[in-house]
Structure formats: C-alpha cells, structure tokens
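First up is the structure itself, then whatever we jot down about it.
The values are calculated or read from the model by the stated rules, or taken from the named source; none is laboratory data. None of these values were measured; they are calculated from a predicted model. Here the Cβ is made from the backbone with ideal geometry for all residues, glycine too, and neighbour counts use every protein chain on show. Calculation scope for accessible area: heavy atoms of the full protein, side chains included, ligands and nucleic acids excluded. Shrake-Rupley method; radii C 1.70, N 1.55, O 1.52, S 1.80 Å.
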Amino acid sequence: MAKPESRNSIQVIGRMTRLLEVLARHAQPVALKILAQASSLHPSTAHRILGALVNDRLVERADPGSYRLGIRLLELGNLVKARISVREHALPHMRELHAATGEAVNLSVRRDDEIVYVERTSSGRSLMQVVNIVGTRAPLHITAAGKLFLLDDGAEGLRGYAQRTHLPQFTRNTLTTVGALERELERIRRNGYALDNEEAELGVRCIGAGVRNDAGALVAGLSVSAPADRMKSAWSGLVKDTAEESSRSIGHRV
C-alpha cells in the first residue's frame, strides 16, 4: 500500500499537469479563477501549486492574478526535440510496413543535393540486389524520397538544383529536364506520395512519402523498394500511412 505522502505527491503532480494543460489551451494569460474552474481545483489549491510552478519557471505571472506558460517549458521542449531520433521513432512503423509488403523499407534524409539512406528493413527474400542500403547516397531527382525534398524546395529551388547538378541520367527512365520534373512534382503534390519508376536502377521501383516534424518541416523520406514486377500500386496508401505515423511519433499533427 502506498504511503499517504506518496499518494499526496501523486495527486499534486496530477493537479500540476491539469493546470499546465489548461494554460496550454490559451494563447493569452489566464486568470486564477478560470484556471481553478477549468482544472476542478479550489482557488487556494490552484494558487499554491501555481506559486510552486512560478518558482520553477514552468509558469509565469502576467498581469496580477493571471498566469501563462513559462520559458522553462520552452527550454525543456528544445532539449526533447534535440534528442529525438527520427530513425528510432520511424523504425517500428517501418517494420510493420515491411511485414505488410515483404519488401525493403528505407528511411532517408537530405544532405545538400543528395539523399542519404539512414535505415533499411529487409528480409533478404529478393534474389535481386536493391542498392538502397544504409549510407548510400543518391541524387534527389532519381529517387522517390529525393523528389519529395525537391517538391518542398518549390519552383525556384528546383531550378537551382537543376543548374547545380545538370540532372544526370542514370537509366533511360531518369527525368533529365526541368519541365519533366515539374510535371512529376505536381503529380506528387496531388497524390501525397512519390514514385521512382526505374529511374535510379532498371528493374527497381520505389514508392515514398515524407516524414515531418512538429513544425511541419520535411525531415526524412520513407519508402518501399521492390523489383519492378513485384511492386504494387496499392502500397502507396500503406507508405503514406506509415510516413504519417512516423511523423506523429516525432510530434507532427497530421
């Protein structure tokens, strides 16, 4: 049985959390009376707990008798964001996608004008070597994940990329003109997912969708790769759902 002081401590933590949640719902400072009512606390209890939160900089006094969230929460939130690993949060969802498709699932991030594959799940069932392995780099315009980043750059960013790289051709299917890429990026914008139609390697196709952080920034591309004759267009929905689940795991509200 928990000691009385332990139960009291747990109750206080719960009350603190309720007060912080009420403050989080308001953009402007909130009066003590409203805070007490919304958190179902007696005003004297709310006042005492808020005083402790003010001392710890988790809450700030605004006008007399009103409160708002404190700067310490921002500091703590930034620490959490800095320690979030997209790879660690995405990996469980990637494994589920791999189980559903039986094909390789990749996670990639952008580095300048290339993507870098940082994680991959694969059963090794394919006799064909899919080259998207951890540490491998590839130009943005030849991969599904890379096209997501080009779309995110906008029209001017795409033209700048084309000028810097000259859009080298890797297979007969590689898109090597700005016009062709513009049409492809518009299709991606409409559908919410990107394709690599044997543009990086003949015989290999890919479907990719973006992973976004709490600020809505595109931080990674999640994709499934397979031999062209095994790729199923119906997997596009699974890829989008997996990317959205990974995004939610790192704080994005889809």
_For the chain, take the longest principal axis of its alpha carbons; what is the angle in degrees between that and the long axis of helix 178-191, to the nearest 10 within 0 to 90?_
50 degrees
*If you take the charge dipole of the chain about its Cα centre, with +1 on Lys and Arg Cβ and -1 on Asp and Glu Cβ, which of Leu41, Ala138, Ala243 is farthest toward its positive end?*
Leu41
*With a 1.4 Å probe and every protein chain left in place, tell me how much accessible area Ile115 has, in Å² to the nearest 10.*
0 Å²
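Between Gln37 and Gln163, 0.36 nm times their residue separation minus their Cα-Cα distance comes to what?
Details: separation 126, 0.36 × 126 = 45.36 nm, distance 6.07 nm.
Value of the extension gain: 39.3 nm.
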_Gyration tensor (alpha-carbon) shape descriptor, region 100-254, a/c threshold 1.5_ = oblate
*Would you work out which of Cys206, Ala220, Asn191 lies farthest towards the positive end of the dipole of region 184-233, given +1 charges on the beta-carbon of Lys and Arg and -1 on that of Asp and Glu, about the Cα centre?*
Asn191
_Expected output is a single nm value to one decimal: the length gained when fully extending between Arg25 and Glu75, i.e. 0.36 nm times separation in residues minus the C-alpha distance. What is it?_
16.1 nm
*Over the chain, average the accessible area per residue using a 1.4 Å probe and give it in Å², no decimals.*
54 Å²
*Using 1/(1 + (r/R0)^6) with R0 = 25 angstrom and r between the beta carbons of Ile10 and Asp56, what's the FRET efficiency to the nearest 0.05?*
0.90
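What 222 nm value per residue comes from the helices of the chain, counting each DSSP H run with n ≥ 4 as -39,500 (n - 2.57) and dividing by all residues, nearest 500 deg cm²/dmol? The partial results should precede the final answer.
Numbers: 8 runs with 121 residues, N = 254.
After summing the helix terms and dividing by the residues of the chain, the value is -15500 deg cm²/dmol.
Report the longest stretch of the chain that contains none of the trypsin sites (Lys or Arg not before Pro) sitting in a DSSP loop with at most 16 other Cβ atoms within 10 Å.
Values: sites that count: Arg25, Arg57, Arg125, Arg172, Arg230, Lys232, Arg253.
Here the longest segment lacking exposed loop sites spans 58-124.
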_Helix 144-165 against the longest principal axis of the chain: what's the angle in degrees, Cα atoms only, rounded to the nearest 10?_
70 degrees
*Separation of the Asp63 and Asp241 label points, Cα + 7 Å toward Cβ, nm*: 4.9 nm
*How much length is gained if the chain between Ala155 and Asp229 is pulled fully straight, taking 0.36 nm per residue apart and subtracting their Cα-Cα distance, in nm to one decimal?*
23.3 nm
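Say R0 is 45 Å: what FRET efficiency, to the nearest 0.05, do Ser44 and Ala100 get from their beta-carbon distance? Display every interim value, and only then the final one.
Working: r = 55 Å, r/R0 = 1.22.
So, using R0 = 45 Å, E works out to roughly 0.25.
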